[in-house]
Amino acid sequence: MVNFLIGLYGVYVFIKILLEIREVFFIKKEFEKGPVLLGLEDFKTSAIYSIYKHTFEIFNSLISLFLVVFWLSGGLFIINYVFYDGSLFSELKILGVFFLVNYLLTLPIHIWEKHIDKKFGFNVAPWRMFFVDEIKKIILFVVFGGLFFAGLIYFIDNFKNWWLIGFVFSFVVIVLINVLYPFFAAWFNKFEPLKDEELKNAIEEMMKKVGFKSSGIFVMDASKRDTRLNAYFAGLGKSKRVVLFDTLLKKLNKNEILAVLGHELGHFKHKDILKNIAVMGIVLFVIFYIFGHLPDKLFLSLGVLKNGVNIIILMLLFSDMIMFILQPLINLISRHNEFAADEMGSNLVSKKDLREALKKLVTENKHFPKVSKLYSFIYYTHPPILERLEKLKDEDESINNRN
């Protein structure tokens, strides 16, 4: 059974690598046809950067295959033999070693990716900040992740229908993380109230139109780490807040910023956040159901007990493969929601402003404007940029024209 699982995961990785290689050839072919949407130099830069990103995915897939082979071929047995004594704390130690090994093996790729981002002008943070961020992430993970996994291990080891209890527990934790996200984000960035009163009033007026209430409109100092543009709504309930990257304020004019936020308000108006949480819940339920019914002989063949830590490790190793199968369906739903949010953004401001904002986002973020239909179907949660622009090609007059 172990060999079957390794073989199955190998097929999954093989398919992923083929998709990445296929997309690299697609990019090269489309590049030869000449620039689209971008100028020649930006088009060339975005193509090269995209090829690097696909290369990272290939290496990440190979490392994930190595880790699966390593853990299932004796690694899991060894750490159980060394650390397990029947206590909850010993199971947490096993899980800690598992995470540490995985982290150390994937860290070089992560550093390489940051180096490439520096080369292309995205990553402007000094390496000292990178390692400080990593230490902060580790601290947060050890403290809050430790509490979460301790609870999950307890449920697995003490309840027959643990998978159902574990699903509810995990779902509640995910919702709680969304509520507390502004608190965690403050560990890494400074958030200051938006000082531009004219823009602030325009945003608040737009939010009133859709009934969106927030705890404030904030500017995040994203430029100290990265040059890419973004804006988002964070938190749930009373913790909801509007966050604008300072890089966005520098590159987009007022109406373009309003159009981007109008798109995000479209997600709120259509209750997409709640829909996404529901979809996440369904995916979690499927994962917990599958791993809650693993056969005893699998653990016998691995030479380990069927206990909390070993079930969680198998779940962590194979969840990506399950998500790969489910992702295309999730993407179909997500892309439909994105088109609807674009429509809302264009209605609140104008199609022209949203089009121009999207073009600037593509240019500044060095996003290659073309993608193959197969790759988009499998991986893209957002519609390809050219499809979004096609939907917005009729330029209506701005409803909120304040230029």
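Annotations
- Residue satisfying all of: in the range 84-98; without any contact (Cβ under 8 Å) to a residue 40 or more places away in the chain and of a type in the set (A, V, I, L, M, F, W, C); most open to solvent (accessible area, probe 1.4 Å) among these: Phe89
- Against the list (1) part of a helix (DSSP H, G or I); (2) at positive phi; (3) not hydrophobic (A, V, I, L, M, F, W, C), the condition Gly86 fails is (1).
- Residue among Ile58, Ile63 that is in contact with a Ser or Thr (Cβ under 8 Å, 6 or more places away or on another chain), among the hydrophobic types (A, V, I, L, M, F, W, C) and over 21 Å from Leu298 (Cβ atoms): Ile63
- Residues satisfying the stated conditions in the range 294-315, i.e. closer than 17 Å to Gly74 by Cα and touching a Lys or Arg at 6+ places or on another chain (Cβ under 7 Å): Phe299
- Given (1) more than 23 Å from Leu314 (Cβ to Cβ); (2) open to solvent by 50 Å² or more (accessible area, probe 1.4 Å), number of the condition Asn161 does not satisfy: (1)
- Matching residues in the range 362-395 - criterion: being of a type in the set (Gly, Ala, Ser) and either open to solvent by 60 Å² or more (accessible area, probe 1.4 Å) or more than 15 Å from Glu338 (Cα to Cα) (or both): Ser372
- Some residue of the range 214-229 being open to solvent by 60 Å² or more (accessible area, probe 1.4 Å), in a loop (DSSP other than H, G, I, E, B), at pLDDT below 95 and of a type in the set (Ser, Thr, Tyr): yes
The values are calculated or read from the model by the stated rules, or taken from the named source; none is laboratory data. Keep in mind it's a predicted model, so treat the numbers as computed, not measured. Every residue, glycine among them, receives a Cβ derived from its backbone with ideal geometry; neighbour counts consider all protein chains shown. For the accessible areas, the whole protein counts, side chains as well, though only heavy atoms, and no ligand, DNA or RNA atoms are used. Shrake-Rupley method; radii C 1.70, N 1.55, O 1.52, S 1.80 Å.
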